[in-house]
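Any read-out appearing in this document is the output of simple, stated calculations on the displayed coordinates, not a laboratory observation. Since the structure is predicted, the reported quantities are computational estimates derived from the model, not experimental observations. Glycine also receives a Cβ, built like all others from the backbone with ideal geometry; neighbour counts cover every protein chain displayed.
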Amino acid sequence: QVQLVESGGGLVQPGGSLRLSCAASGSLFSIYVMGWYRQVLGKQRELVAVITSGGSTNYADSVKGRFTISRTNAKNTVSLQMIGLNPEDTAVYYCYVGIRGTAYWGQGTQVTVSS
């Protein structure tokens, strides 16, 4: 089993910044993907950013240049630094870990961008 504990999120004004963090524990293997997805009520969950154990990254077009994903393999943590937030970034953000084809999800953390 894999457990994911998220932190960060909250309310921020347009143009502001937030940092999300996620710590993974349990039956982890050395080769796996970590990342973040987000979901707005009534819409499909969408990829925000993912990073492999080797450091390769993939970002949604809508967040490129504003969000930065990073991970610490030794601590099994992944973080998402978000700058230049706008109301369209409002969503529940979910930590994601992919291990050998199996997806694991955190409980989700709300990010609200509003003045």
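So here's what we get for this one:
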{"quantity": "Mean-position separation - Cα centroids, segment 7-60 and segment 64-88, in angstrom", "calculated": "7"}
{"quantity": "Ordering of 68-78, 100-110 by burial proxy (mean other Cβ atoms within 10 Å per residue, highest first)", "calculated": "68-78, 100-110"}
{"quantity": "For segment 76-115: Kirkwood Rh in Å [reciprocal of mean 1/r, alpha carbons]", "calculated": "11.9"}
{"quantity": "Value of relative contact order over the chain, rounded to a whole percent, pairs C-alpha under 8 Å and six or more apart", "calculated": "36"}
{"quantity": "Inter-site label distance for A60 and L28 at 7 Å from Cα along Cβ, in nm", "calculated": "2.4"}
{"quantity": "Reciprocal mean inverse distance between Cα atoms of segment 34-95 - Kirkwood radius, Å", "calculated": "12.1"}
{"quantity": "Neighbour net charge for G106 - beta-carbon separation under 13 angstrom, K R +1, D E -1", "calculated": "+1"}
{"quantity": "Linear extension gain, Q3 paired with V40, 0.36 nm per residue minus alpha-carbon span", "calculated": "11.0 nm"}
{"quantity": "Length gained when the stretch T112-T52 is fully extended (0.36 nm per residue, less Cα-Cα span)", "calculated": "18.9 nm"}
{"quantity": "Förster-model FRET efficiency, 41 Å R0, T102 and L11, C-beta, rounded to 0.05", "calculated": "0.75"}
{"quantity": "Trypsin sites (Lys or Arg not before Pro) within segment 7-43, DSSP loop, no more than 16 other Cβ atoms inside 10 Å", "calculated": "K43"}
{"quantity": "Volume per residue of the C-alpha convex hull in the chain, rounded to whole Å³", "calculated": "95"}
{"quantity": "Loop-located chymotrypsin sites (Phe, Trp or Tyr not before Pro) in segment 1-72 whose Cβ has at most 14 other Cβ within 10 Å (DSSP)", "calculated": "F29"}
